[in-house]
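The values are calculated or read from the model by the stated rules, or taken from the named source; none is laboratory data. This one's a predicted model, so the numbers in the text were calculated from it and none came from an experiment. Cβ atoms come from the backbone with ideal geometry, glycine included; neighbour counts cover every protein chain shown.
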Amino acid sequence: MVDYKKVIEDAVDKIKNECKGKTIIALSGGVDSSVCAVIAHRAIGEDLVPIFVDTGFMREGEPERIMDVFGDMNLEVIDARDRFIEAVEGVSDPEEKRKIIGETFIRVFEEKAKEVGARYLIQGTIYPDRIESEGGIKSHHNVGGLPINIEFEGIVEPIADLYKDEVRIVARELGLPEEISERMPFPGPGLAVRIVGEVTREKLEVVKRANRIVEEELDEFGPWQAFAAVLEKGTGVKGDVRVHGWIIAVRAVESRDGMTASPVEMPWENLRRISSRIAAEIPDVARVVYDITPKPPATIEYE
Ligand code: XMP
């Protein structure tokens, strides 16, 4: 039986020992970085500089939601939306997209660090992120996507030995609100990995709205993870006219740690409701499909 109080104490000690002076932490709104932020705040208090980088690839309403929870920790929102979308413009290779996003994150962190005189960065990397990056499956933005020359004296990863379900236990132990401790995983590169191929402002808008609908409809269902991705365009008929509209894939999976996953056997009624809402509420969508592939062979995200 793991003693999670001890896990927290050890993480606090690690940060105290390794981070000297001002230290940056980037919050994403997810459970991993939130847990790190609370632990780091316990460890170094006012020396912690929490930021939220608004990449534009986050879910709708995310900056406001995160401000609600962490506003009293002096959280600063950095608006980098144009910068991120311009960085991935014209790029359709999934690994290249991930690397560019990871690198853009780091550059934003470095600039902030220079401004406040911080030499350390805390990251919420967890165990499966490390395994998958080391195994060459993909480059997680917070691991393999790091450019070689990082201008930090140290990158500290206080929960790098924990699995997702353990991070949730720690979050509860720390008294984080349920909307964070029980929140679905969300990838670091954000909605960019739920857009197959090139990221455009149009696809981003479509995928954002589709994700909101899926989250609203599946909230009470509580799958491990559920989301929407935008694929190619296909033919449809809307209001008696043939259209060439986006194909949206809906995915809902059960998993322990994201390393393997199985599709949720969703009631037909829920699927039908999601499909009609997406097609009705997003003008340029012509088709909605439900992904029934387990991992492996598919990954959970689309890129
Ligand atoms: P895949 O798509 O690899 O995803 O089957 C497994 C789990 O990890 C999440 N994911 C990420 N998390 N940075 C993260 O912090 C990333 O780059 C990243 N890519 C995927 C994904 O949402 C799923 O829960």
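Could you check segment 52-80 and list, in sequence order, the residues that are of a type in the set (F, W, Y) and either under 22 Å from V193 (Cα atoms) or in contact with a helix residue (DSSP H, G or I) (Cβ under 6 Å, 6 or more places away or on another chain) (or both)? If the condition is that a residue be of a type in the set (F, W, Y) and either under 22 Å from V193 (Cα atoms) or in contact with a helix residue (DSSP H, G or I) (Cβ under 6 Å, 6 or more places away or on another chain) (or both), then F52, F57 are the ones that fit.
So, of the residues in segment 284-293 that are touching a residue at least 40 places away in the same chain (Cβ under 8 Å) and part of a loop (DSSP other than H, G, I, E, B), which turns out to be farthest from the ligand (Cβ to nearest atom)?
Here the residue is D284.
Between V214, V230, V207, the distinction of being away from the ligand (no atom under 12 Å from the Cβ), touching a Leu at 6+ places or on another chain (Cβ under 6 Å), within 21 Å of A261 (Cβ to Cβ) and not small (G, A, S) belongs to V207 only. If you check A37, A26 for being out of contact with any Pro (no Cβ under 6 Å at 6 or more places or on another chain) and hydrophobic (A, V, I, L, M, F, W, C), only one passes: A26.
Restricted to helices (runs of 4 or more DSSP H) entirely inside segment 1-114, no element has at least 1 residues that are at positive phi. Taking the condition among the small types (G, A, S), within 16 Å of the ligand (Cβ to nearest atom) and within 28 Å of G45 (Cβ to Cβ), does G124 pass? The answer is yes for G124. Whether a residue is farther than 20 Å from I39 by Cα and touching a Gly at 6+ places or on another chain (Cβ under 6 Å) was assessed, and K99 passes this test.
Could you list, in sequence order, all residues of segment 79-112 that are away from the ligand (no atom under 16 Å from the Cβ) and either touching a Lys or Arg at 6+ places or on another chain (Cβ under 7 Å) or among the hydroxyl-bearing types (S, T, Y) (or both)? Scanning segment 79-112 gives I85, S92. Within segment 85-135, the set of residues being surrounded by 16 or more Cβ atoms within 10 Å (Cβ to Cβ), small (G, A, S) and out of contact with any strand residue (DSSP E or B) (no Cβ under 7 Å at 6 or more places or on another chain) comprises A87, G102, G124, S133.
Using the structure shown, decide if E254 is away from the ligand (no atom under 16 Å from the Cβ) and either among the charged types (D, E, K, R) or within 25 Å of M58 (Cβ to Cβ) (or both). Considered against the rule, which asks whether it is away from the ligand (no atom under 16 Å from the Cβ) and either among the charged types (D, E, K, R) or within 25 Å of M58 (Cβ to Cβ) (or both), E254 comes out as no. Kindly evaluate E153 against the criterion of being more than 27 Å from A298 (Cα to Cα), at pLDDT below 95, acidic (D, E) and more than 16 Å from the ligand (Cβ to nearest atom). Yes; evaluated as a whole, the condition is true for this residue.
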